[in-house]
Every structure is written in structure tokens, then in C-alpha cells.
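Data first, discussion second: the structure below is written as C-alpha cells.
Any read-out appearing in this document is the output of simple, stated calculations on the displayed coordinates, not a laboratory observation. Remember, predicted model here, so these are calculated numbers, not experimental data. For neighbour counting, all protein chains shown are included, and Cβ atoms are generated from backbone atoms with ideal geometry for every residue, glycine included.
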Amino acid sequence: MLSRKNRLVLLKLLSLFSVVRGYNILIIILAQYLTSIFILAPHIRLQYVIFDPNLFVIVLASAGVIAGGYIINNFYDKEKDLINRPQKTMLDRLVSQRTKLTGYFILNFLSVVCASYVSFRAVVFFSLYIFGIWFYSHKLKKFPITGNIVASLLAITPFFAVFIYYKNFDEVIFVHATFLFLMLVMREMIKDLGNLRGDLAQNYKTIPIVYGELISKIILSVLTLASFVPVYLLLIRYEIGLMYLYFYVCIVLLFLFLFGLWKSTGRTHYVWLHNILKLIIVVGTLSIILVDVNMILDRVLW
């Protein structure tokens, strides 16, 4: 059995993993590599992509900045989260605020150092990314619409890093990005609906607080219907291999989301709706491999 000291260390590590949302970072790392392999650089031999040191550094720097972003977001939202998510907040508080802030600065510094290995432009890119996350956490997230849009843009910024690296400007990439962006905006709005009590107590001017739940549901419905446009284009106009199966499932889930949205009356319902959107995003990451199932074998043997 673990001693009390070892249990405390284990709990603090778990707390730190919770603060930086380690599971989200792992998903983003996987998404960056799968996007690079199957969408951005399908013409490059598989092992050259996987073992590309520049790509590895970009992904590593992205992970560091994102982890730092979660820390600073946790720092500014500590009072709000205590109301909205008391159990998680109690776990997060096992690590002191001083330790979190120290980790924030170290992670950001190391991310910029890693970026310098690639180029000066990468240093500028990640420095602006760090500033953008801080400015969002400190100011912008308290404003309706602007906060939701900026949060969604910051969430897809790591993909722009690899997009710029490979200089692939195919139209289909922007269509994929549009669908992902809409899912992220919807997820942010659902989070706002579920966090009404904490946001109201901390004077956050989110869409549900400023305009009401009805307007929020109408906006979410419009965004849901708008998301069918990139889905239609990807199914009809572009070659996406077996990934069409994923988008057919998305259509079903989005209709289920729309139905549940207008039936929802409280935080529990909004958590379920948030989970539907999270499922769409996570499964979408894994389904990138379906763009060309045979590509792996062909490129390994090439």
C-alpha cells in the first residue's frame, strides 16, 4: 500500500494533470499528427512525417502553450469553477496557485525555446499565441460572442501551426476547418449555458446572461444548421474516403443535439449536449485515418 506521503504526491500529480487537461492535450497531439499525415502532407512518406524533427518541435511547443493556457485559465476562473464544478476545483486546488503560475511561465518559455529550433517566424507565432490565450483568459472571455469566437479560434490555432509548416492551401482543408470551428463555437456556447450560476456570480457577460437562454438556443440552432453546409460539401464535392461514414454519424448526432437543445432545462441536460459535441470532435480526430485507409501501407512500403 502507498504511504500517506506517496498518496499525496500521486493526488498532486493527478491535480496537475487535471489543471492542464492532459487528456485534451493528448487528443490535440494525435490530431496534429493525423492531420499532417492524411490531409496536409499525403504525398510525403509516412516515417518522414512521423519522425520529422520540425513537426515534433511544433507539436511539442503547441502542447506546452496549450497546457500553459489551461493553467492561466484555471487561475482566472478559480472562483467561478468553485461554483460550477466544485469537485474538480477541489482536486485542482491540491496544487498551489504559486506552483501553477510557475508552471505557466516555465511551459511558455520552453515552448518559445522549442519554436526557435524551427524558425524565427515560429517564435513570433507561438509568442502571439501565448499572448492571445492570456488576453482571452484575462479580458475577452467575459464578453458575449467575442469570447466564444476567440476561444474557438485559439482552439484551432495548433492546427494552423502545422498548416503553415506544410504550406498546404487546398480548399478541402478550409472546409474541414470550418466544420471544426463551428463545433467549437457551439461547444463554448453550451458551456456558457451550463455555467450560468458561476458566470452570473462572477459578472461574466456571456450570451445566455446578456441575451437569455432562448436567444442562445436560437443561435445554437442556426450554428447547427450552418454546420450542415461543410458536411454537405465534404460528402458531395470532395474525396474523403471512408470518412464519409463519420459525417453521416455527425448528421444523426447533430439532429439529436438540436432536439435535445430545445428539450433541455438545466445544467445536467447541457452537460449531455456538451458531451455530444465533444464526441463529434474527438471521434472526428480519430476518423481522419479513414480519409485513406490504404495510405498507411502504401506509404510505409514506398
Task: Only Lys, Arg (+1) and Asp, Glu (-1) charged, at Cβ; the chain dipole about Cα centre in debye - done: 1280
Open item on the list: I want to verify a result. In a Gaussian network model of the chain, Cα cutoff 10 Å, which of these has the top mean-square fluctuation: VAL252, VAL112, VAL231?
Closed with: VAL252
Task: Added length on full extension, which subtracts the Cα-Cα distance from 0.36 nm per residue, ILE106 to SER127 - done: 6.2 nm
Task: Residue with peak Gaussian network fluctuation, the chain [Cα springs, cutoff 10 Å], from TRP262, TRP272, TRP134 - done: TRP262
Task: When each of LYS167/LYS191; LYS205/LYS263; LYS80/LYS100 is checked by Cα-Cα distance, pairs over 22 Å - done: LYS167/LYS191; LYS205/LYS263
Open item on the list: Can you tell me the length gained on complete extension of the stretch SER96 to VAL252, counting 0.36 nm per residue apart and subtracting the Cα distance?
Closed with: 51.8 nm
Task: Identified option (computed P(r) over Cα pairs in 10 Å bins from 0, in percent; candidates (1) 6, 24, 26, 20, 13, 8, 3, 0, 0; (2) 6, 26, 33, 18, 8, 5, 3, 1, 0; (3) 6, 25, 32, 26, 10, 1, 0) - done: (3)
Open item on the list: Modelling each spin label as a point 7 Å along the Cα-to-Cβ direction, I'd like the LYS205/LEU225 distance in nm, to one decimal.
Closed with: 2.9
Open item on the list: For a quick check, take a GNM of the chain with Cα springs below 10 Å and name the residue from PHE109, PHE126, PHE255 with the largest mean-square fluctuation.
Closed with: PHE255
Task: Theoretical ellipticity at 222 nm over the chain - DSSP helices of four or more residues, -39500 (n - 2.57) apiece, nearest 500 - done: -26000 deg cm²/dmol
Open item on the list: Just to verify a number: FRET efficiency for ILE50 and ASP170, C-beta to C-beta distance, R0 = 22 Å, to 0.05?
Closed with: 0.55
Task: Contour excess over end-to-end distance, with Cα ends at GLU79 and ARG267 and 0.36 nm allotted per residue - done: 65.9 nm
